[in-house]
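Structure record follows, encoded as structure tokens.
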Amino acid sequence: MTYDLIIIGGGPAGSAAAVYASRKRLQTLFITAEWGGQSVVSEQIYNWIGTPSLSGNELAENFKKHVMANGGAGQTLEVKEGEKVTKVEKKGEKFSVKTESGEEFETKTILIATGSGRRKLAAKGADRLEHKGLTYCASCDGPLFSDQDVVVIGGGNAGFESAAQLLAYCKSVTLLHRSDVFRADEITVEKVLKNPKMKAIKNVDILEVLGDKFVEGIVYKDKKTGKETTLKVSGIFVEIGQIPNTDFAKDIVPLDEYGRVKIDPMNQKTSTKGIWAAGDCTNVLYHQNNIAAGDAVRALEDIYLYIHTK
Ligand SMILES: Cc1cc2nc3c(=O)[nH]c(=O)nc-3n(C[C@H](O)[C@H](O)[C@H](O)COP(=O)(O)OP(=O)(O)OC[C@H]3O[C@@H](n4cnc5c(N)ncnc54)[C@H](O)[C@@H]3O)c2cc1C
């Protein structure tokens, strides 16, 4: 059979798309490796609109419940969970989607919603203390560090924007950056560095995250002098980039220099006719749960029009 649509990914973008696709009665296959997406690891999420607070696991369960309520027997939505897409290829006017378990599906359109993963800090102790004071999301976890000394790692826009958020409640914020030049916009750097609670140190290598049960400090080396310094902090916010999950699509849609799918933000279309993308795997400026879900809904409206006016 040929599906109208295959949705790849079960985070907020893919799950929102699946609900809309089902309600629009598009013959849809939804494939996801896991449910919930990146914030599934969060203890609490406070900004998912309509729910004042819920854990990442609850968010994932809710996505599954909502998608399943619209899928299954007698419905136009079929769900394949625990399955990874490995390749998307053009097949005449249609596309073939291959999965890790060797299955192959045919479809008229595709929505790529495979999100991304954070580039992880490669320093001693970083893995062990992740979610124990070392985190990858200032807007999610920042308020837990109220009146404490924290470090931000990364001198790009994400690093400086995280620092700006943290300055609202932390006692002090020290930003550590690996090179001589900040990659963030000058105006942001200037504004953030004006805050008396803020300090930034360039040209550092992060050597170790210290702590037994929770983060207690960080050790870094000055690349120019070789001097090692230990900072006592209770929070470490890592912002050293994202790695989009787009490898399987690199031969079918144009990606930007970071591997993100290039889309038209008016309608989420890629320049490959019949393929849309939404959420963190795309080259939009801001990435959050609500944004990913909204982007996917925008894509679905456009996919529906495409299928019914083609
Ligand atoms: C620790 C952390 C906490 C966060 N907390 C918040 C928060 O509190 N509030 C907020 O708004 N945002 C938060 N964010 C950001 C938010 O999680 C992302 O913006 C959002 O998850 C992006 O949604 P997405 O659907 O585009 O992608 P993702 O959430 O990345 O979901 C992608 C999905 O695709 C699946 N997938 C990947 N590759 C394949 C493949 N090849 N085949 C099949 N399936 C695949 C994955 O299993 C996953 O289910 C947080 C991020 C992190 C890392």
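The values are calculated or read from the model by the stated rules, or taken from the named source; none is laboratory data. Because the structure is predicted, anything quoted here is derived from the model rather than measured. Quick reminder, even Gly has a Cβ in these numbers, built from the backbone with ideal geometry, and neighbours come from all protein chains shown. Just so you know, the surface numbers come from the protein's heavy atoms only, side chains and all, with ligands and any DNA or RNA stripped out. Shrake-Rupley method; radii C 1.70, N 1.55, O 1.52, S 1.80 Å.
Observations, loosely collected:
- Meets criteria (under 15 Å from the mean Cα position of the chain (by Cα) and either near the ligand (Cβ under 9 Å from one of its atoms) or open to solvent by 40 Å² or more (accessible area, probe 1.4 Å) (or both)) for residue 278: yes
- Number of the exception - residue 309 against (1) modelled with pLDDT of 95 or more; (2) among the polar types (S, T, N, Q); (3) surrounded by fewer than 20 Cβ atoms within 10 Å (Cβ to Cβ): (1)
- Cβ pairs under 9 Å, 6+ apart, first in the range 12-34 and without any contact (Cβ under 8 Å) to a residue 40 or more places away in the chain, second surrounded by fewer than 23 Cβ atoms within 10 Å (Cβ to Cβ) and in a helix (DSSP H, G or I): none
- Number of positions in the range 168-188 that are modelled with pLDDT of 95 or more, open to solvent by less than 40 Å² (accessible area, probe 1.4 Å) and not hydroxyl-bearing (Ser, Thr, Tyr): 6
- Sole residue being touching an Asp or Glu at 6+ places or on another chain (Cβ under 6 Å) and not basic (Lys, Arg), chosen from 252, 240, 275, 307: 307
- Evaluation of residue 43 against (1) closer than 23 Å to residue 117 by Cα; (2) away from the ligand (no atom under 11 Å from the Cβ); (3) touching a His at 6+ places or on another chain (Cβ under 8 Å) (one fails), failing number: (2)
- Extreme residue, farthest from the chain's Cα centre (by Cα), among residues of the range 248-275 that are open to solvent by 90 Å² or more (accessible area, probe 1.4 Å) and over 24 Å from residue 158 (Cβ atoms): 273
- Qualifying residue in the range 2-10 (condition: away from the ligand (no atom under 13 Å from the Cβ), part of a loop (DSSP other than H, G, I, E, B), open to solvent by less than 60 Å² (accessible area, probe 1.4 Å) and in contact with a strand residue (DSSP E or B) (Cβ under 6 Å, 6 or more places away or on another chain)): no
- Selected residue (criterion: least open to solvent (accessible area, probe 1.4 Å)) from residues of the range 34-50 that are farther than 20 Å from residue 134 by Cβ and not in a loop (DSSP other than H, G, I, E, B): 35
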